[in-house]
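**Q** One structure coming up, written as structure tokens, with questions to follow.
Nothing in this text is a laboratory measurement; each read-out follows from the coordinates by a stated rule. These numbers were taken from a predicted model, which means no experiment stands behind them. Note: ideal-geometry Cβ built from the backbone for every residue, glycine included; neighbour counts use all protein chains shown.
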Amino acid sequence: MSAYAAPIFATLLLWWASTGVILYLDGLSRRTFRWSLVGATGLFLIALWGLWATRTETSAASAYCAFSCGLMAWAWQLVTYYMGFITGPNESPCPPHLRGWRRFVAAVGTSLYHEIAIIFCAVALVAMTAGHPNQIGLWTFLILWWMHTSAKLNLYFGAPNLSAELLPEHLRYLVTYMRRRPMNLFFPLSVTASTVATALIAQKALAATTAFELVGYTILATLMVLAVAEHWFLVAPLHANALWSWGVKDVHPADATDCRDIDSMRVVAIDVTRIVS
């Protein structure tokens, strides 16, 4: 079982560190955002080259490389969104009178361009790796996309833990599209789907016959474990965001306290969404 330790550790370390770096950069002055975007774009281009270069390789090293490249490709999506470069046509708080479908459409409008950019990137990764044996980078990107989308939907439908302290000031209006409640109907569906996927990928890792399969499937299974954990972090009485306390530059305790009352927050228009992972 020691053979699984290295890919598990590498996945946890890179996921944790990359999330913390993005939070740190996002907490800096907005004057620095253009330079962060330049750096992230450079890494994104390197990631695309790396995925292209390793798409036919089936060594353990190529699995680690593809995973790192998929992670960098996803990090670019988060940087462009959370720094406000690619968001959506709606950058306003949710009007208090909106309900049902109109409220959902307004919420989608806060990140529509971001979601379209993710789709284009996913299509590009599929085209780049289709028919080739090394698709670890593609699946890394898709799993991270699932984690992010599922978390956002759960926050929209309602969850106890909103993680308001992770959001930069210019995105605090997102709280008006979220609800604080003990549970929502989408939660058991999403956490069950993630758990089943985790078990299936873990079986692949345990049945691996090559170093590439062992490393690749272990990385993907670990990411899915993180997806399941992230779902439970939304409802469990834990302060999981302490994992990135070193990266959060601008935390306003008052804001975190005010987020306990979502109805009153609709009036002042401040809020939260989930950054993952």
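**Q** State the label only: which of (i) 1.14; (ii) 1.01; (iii) 0.96 corresponds to Cα Rg over 2.2 N^0.38 Å computed from the shown model?
**A** (ii)
**Q** Sort 106-112, 92-98, 69-75 by packing, meaning the average of other beta carbons within 10 Å per residue, with the highest value first.
**A** Result, highest mean first: 69-75, 106-112, 92-98.
**Q** Would you calculate, for the chain, the mean residue ellipticity at 222 nm contributed by helices, counting each DSSP H stretch of 4 or more residues as -39,500 (n - 2.57) and dividing by all residues, to the nearest 500?
**A** Details: 10 runs with 174 residues, N = 277.
Calculated from helices alone, the mean residue ellipticity at 222 nm is -21000 deg cm²/dmol.
**Q** If packing is taken as the mean number of other Cβ atoms within 10 Å per residue, what is the order of 144-150, 43-49, highest first?
**A** Numbers: 144-150: 21.1, 43-49: 17.3.
Taking the mean over residues of other Cβ atoms within 10 Å, the ranking is 144-150, 43-49.
**Q** Let a ≥ b ≥ c be the square roots of the eigenvalues of the Cα gyration tensor of region 156-218; is it rounded (a/c under 1.5), or, if not, prolate (a/b larger than b/c) or oblate? Walk me through the intermediate numbers first.
**A** Values: a/c = 5.19, a/b = 2.14, b/c = 2.42.
Note, shape of region 156-218 comes out oblate.
**Q** Which residues in region 51-70 have a backbone N closer than 16 Å to a point placed 7 Å from the Cα of residue 122 along the Cα-to-Cβ line?
**A** Within reach of a label on residue 122, which here means backbone N under 16 Å from a point 7 Å along Cα→Cβ, region 51-70 contributes 70.
**Q** How would region 1-106 be classified by its alpha-carbon gyration tensor: rounded, prolate or oblate, with rounded meaning a/c under 1.5 and the a/b versus b/c comparison settling the rest? Please report the intermediate quantities before stating the final value.
**A** On the way: a/c = 2.26, a/b = 1.87, b/c = 1.21.
Verdict is prolate for region 1-106.
**Q** So, one more: For helix 112-129, what angle does its Cα long axis make with the longest principal axis of the chain, in degrees from 0 to 90 and rounded to 10?
**A** Computed tilt is about 0 degrees.
**Q** Another question, if that's okay. May I ask you to compute the full-extension gain from residue 91 to residue 13, defined as 0.36 nm times their residue separation minus their alpha-carbon distance, rounded to one decimal in nm? Walk me through the numbers before you get to the answer.
**A** Numbers: separation 78, 0.36 × 78 = 28.08 nm, distance 3.35 nm.
Taking residue 91 through residue 13 to full extension adds about 24.7 nm, to one decimal.
**Q** Does region 46-101 come out rounded, prolate or oblate by the C-alpha gyration tensor, with a ≥ b ≥ c the root eigenvalues, rounded set by a/c under 1.5 and, if not, prolate when a/b is larger than b/c and oblate if not? The partial results should precede the final answer.
**A** Working: a/c = 4.78, a/b = 3.21, b/c = 1.49.
Note, shape of region 46-101 comes out prolate.
**Q** Under the definition of Cα pairs under 8 Å and six or more residues apart, what whole-number percent is the relative contact order of the chain?
**A** Numbers: 412 pairs, mean separation 79.4, N = 277.
It rounds to 29 percent for the chain.
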